[in-house]
Amino acid sequence: MAQLLIVEDDARIRPLVVRALTERGHAVRSEATGMAGLNAAVELRPDLLVLDLGLPDVDGTQVLSMLRAVSDVPVIVATARDDDPTLVRCLEGGADDYVVKPYTVDQLAARITAVLRRVGRAGGAASREIVVGRLRIDVPARQARLDDEQLDLSPKEFDLLRHLAERAGDVVTKRELLTEVWQQAWGGSEKTVDVHLSWLRRKLGETAADPQYLHSVRGVGVRLSAPEGA
Ligand code: CA
């Protein structure tokens, strides 16, 4: 089962697709405009998005590029335009696959399954522990331990730590953190991130000048990684 988001303005197609995918065991939400779809993608964080290209407010190709600025959610584009340049642009712009209308729900469902398998999101993401050096994060219990000491974290500090730990070793931008942790894809202040990072540092017993786990990369973002020898 996956959480799917369908962005489709056609009032005949939308309920059919929602029902057919729900019957196949997916949790499905649908939106009828590009902007509503973008907001839902950020808020809901679906496992996959099916994006119609012909939308009333914002063109689907633009929705895709706005989405890609803030999210790596897998996207299947659905288009009535059987024109190669548009499809090529979408695939180059970050779409994972496409269906050409009129498509059958069987075909769409098969493509959804294939994309989810490829990106490794086929369910079961919630129940796990993330370990980085001597830092252990129990995701379902929302608890973190360092050297077997439980950390006393606020909900936001926990979310921030978890997100960085999920991307351990990568430099994560503050914009991504605002989007993923604060759900502020197009607003918010990077200062918010800085303040929470400094609180988190204190709780991890380190400082920006002498980092152990949290490494600021100037002008880019922050990276969580295990200290040498941990
Ligand atoms: Ca349409």
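Over the chain, DSSP H runs of length four or greater, each weighted -39,500 (n - 2.57), average out per residue to a 222 nm ellipticity of -11500 deg cm²/dmol. For V50, the residues 5 or more places off, or on other chains, whose built amide H falls under 5 Å of its own are L5, I6, V7, I76. Summing +1 for each Lys or Arg and -1 for each Asp or Glu among the other residues whose beta-carbon sits under 11 angstrom from that of G188 gives +2.
Helix 190-203 axis versus longest C-alpha principal axis of the chain: approximately 40°, rounded to the nearest ten. Across segment 105-116, rounded Karplus estimates of 3J(HN,Hα) from the backbone phi angles (6.51 cos²θ - 1.76 cosθ + 1.60, θ = phi - 60°) give 5, 4, 5, 4, 4, 5, 5, 4, 4, 5, 5, 4 Hz, Gly and Pro being marked x. Residues in segment 1-32 near a label at R81, defined as backbone nitrogen under 19 Å from the 7 Å Cα→Cβ point? Only 7-10 pass the distance filter. One chain, two ends: D152 and V217. Fully extended at 0.36 nm per residue, the span grows by 20.8 nm beyond their Cα-Cα distance. Couplings for segment 35-40, taken from phi via the Karplus curve 6.51 cos²θ - 1.76 cosθ + 1.60 with θ = phi - 60°, read 5, 4, x, 4, 4, 5 Hz in order; Gly and Pro are left as x. Placing a pseudo-label 7 Å from each Cα along the Cα-to-Cβ vector at S65 and R89 gives an inter-label distance of 0.8 nm.
Does segment 112-230 come out rounded, prolate or oblate by the C-alpha gyration tensor, with a ≥ b ≥ c the root eigenvalues, rounded set by a/c under 1.5 and, if not, prolate when a/b is larger than b/c and oblate if not? It comes out oblate by the Cα gyration axes.
Near G54, within a Cβ-to-Cβ distance under 10 Å, what is the net charge of the other residues, with Lys and Arg +1 and Asp and Glu -1? Residues near G54 contribute -3 overall. Taken one residue at a time, the phi angles of segment 179-185 give Karplus couplings (6.51, -1.76, 1.60, θ = phi - 60°) of 6, 7, 9, 9, 6, 10, 5 Hz. Gly and Pro are set to x. Fully extending the segment from H163 to D10, taken as 0.36 nm per residue of separation minus the present Cα-Cα distance, adds 51.5 nm. Distance between the pseudo-spin-label points of R134 and D106 (7 Å out from Cα toward the beta carbon): 5.8 nm.
What per residue convex hull volume, in Å³, comes out for segment 10-135 when only alpha-carbon positions are used?
In segment 10-135, the Cα hull volume divided by residue count equals 122 Å³.
Taking 0.890 mPa s as the viscosity and 25 °C as the temperature, the Stokes-Einstein diffusion coefficient of the chain based on its alpha-carbon Kirkwood radius rounds to 128 µm²/s.
FYI, it's all coordinate maths here, none of it is from the lab. Keep in mind the model is a prediction, meaning the values are calculated, not measured. Backbone-built Cβ (ideal geometry, glycine too); neighbour counts: all protein chains shown.
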